[in-house]
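Structure first, commentary second.
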Amino acid sequence: MNESKLKRWVRRTFGGNHDPVARNSAIHDKIAKKYDAALGEIFNDIEQQRIRSALVQVSNFLDGPAEKYHALDFGAGTGNLTNHLLQLGFNVTAADVSIESLEVLKNRYNCRTVLLENGSTKILTSDSYDLVCLYSVLHHVPDYLALLVELDRICKPGGIIYIDHENSPMYWERLEEFKNIYKKISKMDLSKYIRFSNYVHKIKSMFIHKYTNEGDIHVWPDDHIEWHDIDRTLESLGYRRAFESEFLLYKGNYIKNEYSKVNDSYCDMRCAAYKALSH
């Protein structure tokens with residue numbers, strides 16, 4: 001079997017659904033019940049405290065208590081942001097492409113949920129939300145700038161679009177440095193060498209463009225999201241950046257004292273909030 005035939009065989013055998021939105025939905029439906037346990041870089045005390053602190057700061061840009069406002073957790077998954085928004089007092093709608101993830105969320109939290117069938121945002125009415133939040137979403141959306149235009153449509157005049165958990169410019173500019181830093185601050189994990197799935201992932205990544213271990217779509221590394229494009233797009237729609245923070249994402253396998261030595265010097269993630277001046 002020559003290389004071209006081998007590639008075709010791997011793609012046909014492991015490639016799965018070629019519709020990216022359908023693939024995203026199917027992957028997250030499959031992992032919904034174990035999503036929180038599998039994502040140690042999100043569901044740990046340090047990252048959850050950071051998220052809460054950022055949302056508190058962002059909510060301060062709204063006039064009055066959170067109870068007055070309607071927040072949308074866009075790409076809510078199993079409810080990472082939904083939980084914090086509810087605790088802060090917001091009236092929350094959680095929207096996602098994965099019906100199983102929304103089922104997990106509904107069993108945990110009392111809020112409205114919206115299934116974004118085929119990734120469509122048409123079900124979300126215009127000028128409906130005071131705060132539109134996205135956590136770890138944009139890098140899953142190939143045309144993420146077009147999505148920002150849609151989010152502007154559903155955001156109320158004077159509202160806020162909040163984007164979190166997207167790689168910072170520093171990360172892409174100093175990628176090799178970050179790889180070395182990650183090795184230095186991570187615990188040794190010998191068990192990865194005996195997990196069969198890791199070898200499957202490695203084979204897939206050799207032949208399938210943009211494959212990730214999660215299996216869903218990402219738009220990196222060759223066309224990763226650009227913050228200056230986000231800024232430019234939202235500014236053209238009448239927003240100003242009201243808040244920005246860069247940080248080194250804490251992952252569950254990090255050694256805390258080693259992490260604390262570098263987290264002020266290396267920032268691999270950024271979050272930012274944009275407030276609408278007018279529509």
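The values are calculated or read from the model by the stated rules, or taken from the named source; none is laboratory data. Every value quoted in this text rests on a predicted model; they were computed, and no experiment measured them. Every residue, glycine as well, gets a Cβ built from its backbone with ideal geometry; the counts of neighbours run over all protein chains shown.
When restricted to residues that are aromatic (Phe, Trp, Tyr) and in contact with an Asp or Glu (Cβ under 9 Å, 6 or more places away or on another chain), segment 34-91 contains 4. Scanning segment 228-241 for residues that are crowded, with 16+ Cβ neighbours inside 10 Å and either of a type in the set (Phe, Trp, Tyr) or in contact with a helix residue (DSSP H, G or I) (Cβ under 9 Å, 6 or more places away or on another chain) (or both) gives ILE230, THR233, LEU234, LEU237, TYR239. Has segment 214-230 got any residue that is modelled with pLDDT under 80, among the β-branched types (Val, Ile, Thr) and either within 19 Å of the chain's Cα centre (by Cα) or outside any loop (DSSP other than H, G, I, E, B) (or both)? Yes, segment 214-230 contains at least one residue that is modelled with pLDDT under 80, among the β-branched types (Val, Ile, Thr) and either within 19 Å of the chain's Cα centre (by Cα) or outside any loop (DSSP other than H, G, I, E, B) (or both). Within segment 48-77, the residues that satisfy the criterion of being part of a helix (DSSP H, G or I) and surrounded by fewer than 17 Cβ atoms within 10 Å (Cβ to Cβ) are GLN48, GLN49, ARG52, SER53, VAL56, GLN57, GLU67, LYS68. Residue under question is LEU88, and the condition is that it be buried (at least 24 other Cβ atoms within 10 Å of the Cβ), free of Cβ contacts under 8 Å to residues at least 40 places away in the same chain and hydrophobic (A, V, I, L, M, F, W, C); does it hold? Here the answer is no, as LEU88 does not meet what is asked. Taking segment 146-190 as the search range and keeping residues that are among the hydroxyl-bearing types (Ser, Thr, Tyr) and more than 24 Å from ARG241 (Cβ to Cβ), which one is farthest from the chain's Cα centre (by Cα)? Looking at residues that are among the hydroxyl-bearing types (Ser, Thr, Tyr) and more than 24 Å from ARG241 (Cβ to Cβ), I get SER186.
To keep it simple, each residue is scored yes or no on (1) of a type outside the set (A, V, I, L, M, F, W, C); (2) surrounded by fewer than 14 Cβ atoms within 10 Å (Cβ to Cβ); (3) modelled with pLDDT of 95 or more.
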| position | (1), (2), (3) |
| --- | --- |
| GLY119 | yes, no, no |
| CYS133 | no, no, yes |
| LEU138 | no, no, no |
| LEU151 | no, no, yes |
| ILE163 | no, no, yes |
| TRP172 | no, no, no |
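Would you pick out the residues in segment 37-47 that are at pLDDT below 90 and in a helix (DSSP H, G or I)? Correct list: ALA37, ALA38.
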